[in-house]
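The values are calculated or read from the model by the stated rules, or taken from the named source; none is laboratory data. If you're wondering where the values come from, they're calculated on a predicted model, not measured in any experiment. Here Cβ is always computed from backbone atoms with ideal geometry, including for glycine, and neighbour counts include all displayed protein chains.
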Amino acid sequence: MEEVSKLRQLKKACSRLARRGLRSRYGLWIITSLLCLRIRELKKSDTKKHLDHSSSLTILCLNANRYIADLESLAQVPNVQVMILPTRTQTRVNWLWLGDIGRRTDPREFIRESDPGIKASRLGLTQLLAKILPLVCKIRHIDAIATCTFYYKQDRDWERAAVQSSVPFFVFQKENMQDPVIQEASVKRYVDLGFMFSGTHMFVANRLQRDVVLRAKVCGPDNVTAIGSLRMDDLQRTPLANLKNHQRKMVLLLSFHHAVGLLQIPAEDRESFFSISRKDGFVDYFDIVHRAIIRLSKKRPDIDVVIKTKWAGRWIQEIQRCMSEELGSNASLPENLEILSEGNTQDLLGRANVIVGINSTALLEGMVLGKSVVVPLFAEAGGKYFQNHVYFKQYLDNPITTARSPDTLLSKIGDALEVARPPKVPETLIDDYLGKVDGSVAETIVSLMRSKIYGVNNQHIGSRH
């Protein structure tokens, strides 16, 4: 034990020395070189896209794995080059200064800089990045930096340094669900945590998200535009015949956890948004819906059934438990049933004939694509949590099909598989939750970005004279 303790102390001492060295004048060039070497281009296909460098737009994207479908859509725009900085590389650069304060810093303390140690570490990182980012942009011919939200801790000082060094910084907001039942809670959360955006411009998908951002004073009205979802462009560009070009029909369950609709489960009683004691949350609802879908796969070997989660771990374990309870502990996964935690959800939407889920924007995206959508409304979803945690109330039953029991759910899925009658999607629903769905979101964003970048560059030139 004593030897282990000495090794840990030695490791910490070496870590402090390494950070101190890289913070120096010489370390600046090492970090700049590292970043330039680690940046790579995002290519959706093997086809080489010709760039006219005199008018091209090159965007360096942080946290790319969090919104890869959006970036792939952006990369399809002519004369646009999407570059990616690996998350691990960004983390290592942050560690040079934020390593002093540890990883478990409270978000409020980090954002508000109420602790002198946090303030000093963040200032040091910002000053370092303010020197490095212009160099990286010049060497790699980068016009702007972008990320997928305004509240990630790892991006805050990159945004602040970009502003200080006149590097355009944008947000393509990936989470845009702000149903009326959670708007007040979202505004309060943004205000309590002190979220602010000082970058060049933020693009959100819909009117509801923009309203929440403005009410929470995250930024001013001139700094945020509701424009639609980038990832919808790819689906709109894909010919409908290609989406239907599958011999077998498919039912897609957009899986959910126990904390549906921002339901708060006590921290000591949750693991990955699942209730440990099974006292709080959409516990019975999760079990009943998933068991019904597993039962469907067993009864209908002529169709494919896919259950899509957002991540693995506890989520997959809960689904496996439901399968054991439904089919028996020794039963194997039905051949026509697939449980996925990775992959592009938009590709699955394109393949699906019927989509089942709750509170997901992907349900509405499926409706725009002409897919049949069914929302189960029983157990907790139809009872104690319906009023405050279930979304789309204005559109439930018309045009969104609902099922009030497990048997009705399977019946309505069966009907939709046989005779698809996708309803017309109201314009109000599109405006509130999706924004533009005409396939031109990426091109519109690029046009606005060019205008904003031009303004930042002119302002920087003016400040130098």
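When you look at Gln154, is it assigned to a helix (DSSP H, G or I), touching a helix residue (DSSP H, G or I) at 6+ places or on another chain (Cβ under 8 Å), more than 27 Å from His389 (Cβ to Cβ) and of a type in the set (S, T, N, Q), yes or no?
Criteria met by Gln154.
Looking only at residues in region 19-35 that are aliphatic (A, V, I, L, M) and surrounded by fewer than 16 Cβ atoms within 10 Å (Cβ to Cβ), which one is modelled with the lowest pLDDT? Looking at residues that are aliphatic (A, V, I, L, M) and surrounded by fewer than 16 Cβ atoms within 10 Å (Cβ to Cβ), I get Leu28. Within region 271-292, the set of residues being on the phi > 0 side of the Ramachandran plot, of a type outside the set (A, V, I, L, M, F, W, C) and surrounded by fewer than 22 Cβ atoms within 10 Å (Cβ to Cβ) comprises Ser272, Arg278.
Within region 383-399, the set of residues being surrounded by fewer than 20 Cβ atoms within 10 Å (Cβ to Cβ) and in contact with a strand residue (DSSP E or B) (Cβ under 8 Å, 6 or more places away or on another chain) comprises just one member, Leu396.
Restricting the search to helices (runs of 4 or more DSSP H) fully inside region 351-461 and requiring at least 2 residues that are aliphatic (A, V, I, L, M) gives 361-368, 406-418.
Among the residues here, Lys298 qualifies as touching a residue at least 24 places away in the same chain (Cβ under 8 Å), assigned by TED's automatic domain parsing to the domain that holds Ala379 and within 20 Å of Thr408 (Cα to Cα). In this structure, Lys412 does not satisfy being out of contact with any strand residue (DSSP E or B) (no Cβ under 6 Å at 6 or more places or on another chain), at pLDDT 95 or above and over 17 Å from Phe286 (Cβ atoms).
Residues of region 233-270 that are modelled with pLDDT under 90 and either surrounded by 20 or more Cβ atoms within 10 Å (Cβ to Cβ) or of a type in the set (A, V, I, L, M, F, W, C) (or both): Asp233, Asp234, Leu235, Leu240, Ala241, Leu243.
Taking the residues in region 56-76 that are of a type in the set (Gly, Ala, Ser) and more than 20 Å from Ile453 (Cα to Cα) as candidates, determine which candidate is surrounded by the fewest Cβ atoms within 10 Å (Cβ to Cβ).
By that ranking, first place goes to Ala69.
Taking the criterion of being in a helix (DSSP H, G or I) and among the hydrophobic types (A, V, I, L, M, F, W, C), the residues of region 288-332 that qualify are Ile288, Val289, Ala292, Ile293, Ile294, Leu296, Trp315, Ile316, Ile319, Cys322, Met323, Leu327. Before we move on, is Asp157 modelled with pLDDT under 95, of a type in the set (Asp, Glu) and either more than 25 Å from Ser447 (Cβ to Cβ) or touching a His at 6+ places or on another chain (Cβ under 7 Å) (or both)? Answer is no for this residue. With respect to being within 21 Å of the chain's Cα centre (by Cα) and surrounded by 19 or more Cβ atoms within 10 Å (Cβ to Cβ), Gln183 falls outside the description.
Confirm whether His258 is closer than 25 Å to Phe386 by Cβ, part of a helix (DSSP H, G or I) and not assigned by TED's automatic domain parsing to the domain that holds His201. No; evaluated as a whole, the condition is false for this residue.
Within region 77-93, the only residue that satisfies the criterion of being surrounded by 21 or more Cβ atoms within 10 Å (Cβ to Cβ) and either assigned to a helix (DSSP H, G or I) or in contact with a Gly (Cβ under 9 Å, 6 or more places away or on another chain) (or both) is Val93.
One line per residue, one yes/no per condition, for (1) over 19 Å from Gln90 (Cα atoms); (2) surrounded by 22 or more Cβ atoms within 10 Å (Cβ to Cβ); (3) in the same structural domain as Thr361 (by TED's automatic domain parsing); (4) hydroxyl-bearing (Ser, Thr, Tyr):
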site	(1), (2), (3), (4)
Ile145	no, yes, no, no
Lys153	no, no, no, no
Asp157	no, yes, no, no
Ser166	yes, no, no, yes
Phe170	no, yes, no, no
Asp192	yes, no, no, no
Thr200	yes, yes, no, yes
Gln209	yes, yes, no, no
Arg215	yes, no, no, no
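Name the residues in region 258-282 that are in contact (Cβ under 8 Å) with a residue 60 or more places away in the chain and in contact with a strand residue (DSSP E or B) (Cβ under 6 Å, 6 or more places away or on another chain), would you? Within region 258-282, Gly281 is the sole residue that qualifies. Taking the criterion of being out of contact with any strand residue (DSSP E or B) (no Cβ under 8 Å at 6 or more places or on another chain), at pLDDT 90 or above and either surrounded by 16 or more Cβ atoms within 10 Å (Cβ to Cβ) or among the hydrophobic types (A, V, I, L, M, F, W, C) (or both), the only residue of region 444-465 that qualifies is Thr444.
Only one of the numbered conditions (1) of a type outside the set (Val, Ile, Thr); (2) outside any helix (DSSP H, G or I); (3) farther than 11 Å from Leu254 by Cβ; (4) in contact with a helix residue (DSSP H, G or I) (Cβ under 8 Å, 6 or more places away or on another chain) is violated by Glu335, and that is (4). Going by the structure shown, is Leu208 touching a His at 6+ places or on another chain (Cβ under 8 Å) and either closer than 26 Å to Phe282 by Cα or in a helix (DSSP H, G or I) (or both)? The answer is no for Leu208. Testing Phe274 on (1) in contact with a Phe, Trp or Tyr (Cβ under 9 Å, 6 or more places away or on another chain); (2) under 23 Å from Asp397 (Cβ atoms), one condition comes back false. Which one is that? Here Phe274 clears every test but (2). When the residues of region 334-361 are filtered to those that are of a type in the set (Gly, Ala, Ser) and within 16 Å of Trp315 (Cβ to Cβ), the one that is surrounded by the fewest Cβ atoms within 10 Å (Cβ to Cβ) is Gly343.
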